[in-house]
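The values are calculated or read from the model by the stated rules, or taken from the named source; none is laboratory data. Please read all numbers here as calculations on a predicted model, not as lab measurements. Every residue, glycine as well, gets a Cβ built from its backbone with ideal geometry; the counts of neighbours run over all protein chains shown. Note: areas computed on protein heavy atoms with side chains; ligands, DNA, RNA excluded. Shrake-Rupley method; radii C 1.70, N 1.55, O 1.52, S 1.80 Å.
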Amino acid sequence: MDSHAGDLYGDESAWTRNFEAIQEVASAMALQAQYRETYFTIPSTMDHDFYQFWSGATYNKDRFAEEQIKIDISHDNLKHGKDCDDGYWRQIINIHDAIERGCNLFNLDKVKRKYSPARFAMLCLCQFTDHTQSVFNFNLLHAAIVLVAPPSNHNNNYRVVFVERMDDSDYDQQAERIIGLTKQFNIAQMHIDNQGVGDGIYQKLAKAYPGIVDKIRYTPESKAQMVVKMQTLLKISAFRLMK
């Protein structure tokens, strides 16, 4: 079986599903000394497995205490870049660093007004969000099939009518399960994350149900919009309970 060697570039690694498993396999392409691994990303949450890699926890796994390392991943330490004890060079460049280095593409006041303080800290200051402080734990959501009944008018609520986790299922099994659910429920729209395994699910269901299947490509911005939308729904629900 032929294999390929070369430089490895990982884009938006802190938003990549199953980053640890992918990195472990893909990094073998860059084992030869003339090649390099490069990972760049906007931060996400501390419970994402990229953070374990970034913080050095992945390196320390299964090593004796005397072999373990401690990496200072603070902005002050990594602002100008630094070779770290796990063999990787790390650097943090936030929006202030970019402006200080001559980037004139941002109106800082406008950017601060655009984002909430928490979103500004993550998207522009390169700060990982502590998952214990997160609104939702994404790991509990991303491996689930969810059926939602939308409101028929402005006085009704969104209703979650079915949830099923599909952690260990391949794309054929997940697609078949969704097809089975169409026989139990009147499904008007399907929205499928078409990244990774999800692409096989999307391709299969798009052929079976043309016109009602939409693909979703999650970005930091779209995920932030989802959180804001859910926060809005929770606030509306809380207001109605108080009335």
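Summary table below
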| read-out | value |
| --- | --- |
| Residues of the stretch 1-133: accessible area per residue with a 1.4 Å probe, Å² | 68 Å² |
| Long-range amide H partners of Y39 with built H, under 5 Å | G10 |
| Positive minus negative residues near T38 (Lys, Arg vs Asp, Glu; Cβ under 13 Å) | -2 |
| Amide hydrogen neighbours beyond the local backbone of H191, cut-off 5 Å, H modeled | D214 |
| FRET E, pair A144, E66, Förster distance 35 Å, beta-carbon r, rounded to 0.05 | 0.25 |
| V111-I216 FRET efficiency (beta carbon distance; Förster radius 30 Å; 0.05 resolution) | 0.70 |
| Other-chain or far-sequence residues with amide H under 5 Å of T45's (modelled H) | T129 |
| Spin-label pair I99/A57, simplified geometry with 7 Å Cα→Cβ offset, distance in nm | 3.2 nm |
